1. Can you tell me which of A:25, A:314, A:83 moves the most in a GNM of chain A? Springs connect C-alpha atoms under 10 Å apart.
2. Which pairs break 31 Å Cα to Cα here: A:260/A:317; A:17/A:268; B:68/B:247; A:207/B:68; A:297/A:326; A:146/A:207?
3. Build a GNM of chain A with springs between Cα atoms under 10 Å: which of A:119, A:67, A:216 gets the top mean-square fluctuation?
4. Computing the accessible area with a 1.4 Å probe over protein heavy atoms, can you report the carbon and sulfur percentage for chain B?
5. Run the numbers on the stretch A:185-206: which residues show a drop of 40 Å² or more in accessible area, chain on its own versus all protein chains together, using a 1.4 Å probe over heavy atoms?
6. Compute a Gaussian network model of chain B, connecting alpha carbons closer than 10 Å, and tell me which residue from B:110, B:83, B:92 fluctuates the most.
7. Taking a ≥ b ≥ c as the square roots of the Cα gyration tensor eigenvalues, with a/c under 1.5 meaning rounded and otherwise prolate when a/b beats b/c, else oblate, which class fits the stretch A:3-315?
8. I want to check the label-to-label distance for residue A:281 and residue B:122. Put each point 7 Å from Cα in the C-beta direction and report it in nm to one decimal.
Amino acid sequence: MTVIDYLYSLDPAKLLKNLPGGVAQGILWGLMALGVYITFRLLNVSDLTVEGSFATGGAVAVVLITGGGPQWLRALFGASSGQFPTWAALLIAFVVGVLCGLVTGMLHSYLGIPAILAGILTQLALFSVNLHIMSMSSNIPVSVDKYELYVSSRYVLRSIPIAAVIVAVIIGILYWYFGTEQGSAIRATGNNPVMSSAQGIDIERMKMIGFALSNGIVALAGGLVAQYQGFADVNMGRGASVIGLAAVIIGDVASKAIFKGHINFAVKMTFVILGGIVYYAVVILVLWLKLNTNDLKLFTAIIVALFLGIPYLQSRKRESFTSAAKGGSGNAET
Amino acid sequence: MLRLENVWKVFDQGTINQKVALKGVDLNIKDGEFVTVIGGNGAGKSTLLNAVAGTWPVTKGRIFIDGKDVTGIPDYKRASMIGRVFQDPMLGTASEMQLEENLALAYRRGKKRGLGWGVTNEERKLFREKLAALGLGLEDRLTTQIGTLSGGQRQAVTLLMASLSAPKLLLLDEHTAALDPATAAKVLEISDSIVREEKLTCLMITHNMTDAISLGNRLIMMNEGNIVVDISGEDKKKLTKNDLLQKFADVAGVQEETDSVLLS
Ligand SMILES: Nc1ncnc2c1ncn2[C@@H]1O[C@H](COP(=O)(O)OP(=O)(O)O)[C@@H](O)[C@H]1O
Ligand SMILES: [Mg+2]
């Protein structure tokens, strides 16, 4: 196939047709990225629990919606027979995600295991737990024809506004929460733990709350993504932490390019969602260009590595032995 | 007010790095006393303050604040009684948070942090008054990110934070050492006036002997994990720099005493 043939085979109409799907997925994965934002940016730790808790959220929501789950829980929501309410399934997914985060928090705070390792351990354990939740099948379908779902790739244009509203409500709640006494204490813990202890903040407890809240949101996002794609899968969280980082970083770069100076916290969170949308728009583009989608995770990793590395490289440029050998960067006076 | 009974602190016990930093310190500080602390590098001054603050548990001995045994209480739970300022101006404030948010965090020291607003309008009014008293023009910059302030401004804010929720004790660890002389003098002046106005009991480590003599009403000198000189009252008022150098030479057994030995 020649280049001309290749270009000729690209159909712009198809790109336009697929973009809305990218937007819908971007919003939902952007919500997942909001969870990552809480640990990565506010608490200043890298939490890999999300790769497990995302799938946990999907599994819990789908199992409940498709008629599974413990009988007492179904009875509690008046669903002994009939469909488990979709909102309740998402609520339970959130709560289970909170528990996942607490496990990581306890491994970190009580057993002194470094945060990254604690997250990896929980994530590994969750793989088995998720299989148990899904009664040992690795994939459970949930059809939008049979069940009432909030979002579905079959009804993309209807899903986008619903997803946007859900995300807006969550951003509103987070904006309020991180402005409260407790939320401020969590931000202070991530920013300066020494100062926080000196001001009477129990930093281990704050980290615990942060891990819990983060994974609750990630699991909620998992419950929504499972609905959107029409199934829950034990592997659906693979790469989630890096995709989350990508969205956070894209949002960061974009917001700093647009706004000068102080950026409102709600705006920052909105840009994390926009980061998710941009990420999925790129995914759609890659698919459209008929590049190998198996390479997508490779691209993602490279892009995130670059963006994480750029601030370091910039500081190296200003302050390196190579430039010192050449007589310095010449800004000694300023 | 503050009482230490036979306090020992051993770091890395049982390892090749084992270091006995406090060797049975006894200290009794009365309400309202302003104690300056001097001593050579590694004498155990910071360790003494950290023991009082509860940064880690002490190896042996008991610590009482206001008659209450706090030996088994971690730092964040002692914080309601204690205000701290560190040597590094970056350590005392949260750089990515706003000035008013930092002050509000300090204002809630010792109180439960619930779901009320992080900063209220009444508090803003109070903070503005307190900031104005510092004379640094910070009262109109409540929403400024702390990270954009200078080291001296941050140290002054940390001092204000340390005193904000009426602590029983103020602990200052070489808090002007990282500042230029003019700024250091200003921050020291603010420290002195806060201690006076709030009638605080204060322990201040300094490497500047002149400050150690001119400020406060009691002076202690540490050497090798112990308090070796303790001067207060009229004796402290009459104290000269030469007296101090001589005393240091006596206890440390140093012949050619110089500032650098004592100050480092
Ligand atoms: N966290 C620590 N771990 C191990 N050793 C420490 C620690 N803190 C202080 N030390 C040691 O204890 C001794 C006293 O230190 P310090 O109290 O900081 O002295 P200074 O009087 O200069 O403030 C020093 O030998 C120091 O190396
Ligand atoms: Mg010291």
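1. A:314
2. Numbers: A:260/A:317 23 Å; A:17/A:268 29 Å; B:68/B:247 34 Å; A:207/B:68 29 Å; A:297/A:326 40 Å; A:146/A:207 41 Å.
Beyond 31 Å between Cα atoms: B:68/B:247; A:297/A:326; A:146/A:207.
3. Residue with maximal mean-square fluctuation among A:119, A:67, A:216: A:67.
4. On the way: 5610 of 11860 Å².
Reported share for carbon and sulfur atoms: 47 percent.
5. SASA drop of 40 Å² or more in the stretch A:185-206: A:187, A:191, A:192, A:194, A:195, A:197, A:198, A:199, A:200, A:202.
6. Most flexible of the set in this elastic network: B:110.
7. Details: a/c = 1.65, a/b = 1.08, b/c = 1.53.
In terms of gyration-tensor shape, oblate.
8. About 4.8 nm, to one decimal.
The values are calculated or read from the model by the stated rules, or taken from the named source; none is laboratory data. Keep in mind that what you see is a predicted model, and the values were worked out from it rather than measured. Cβ atoms come from the backbone with ideal geometry, glycine included; neighbour counts cover every protein chain shown. These area figures cover heavy atoms from the full protein model, side chains too; ligands, DNA and RNA do not enter into them. Shrake-Rupley method; radii C 1.70, N 1.55, O 1.52, S 1.80 Å.
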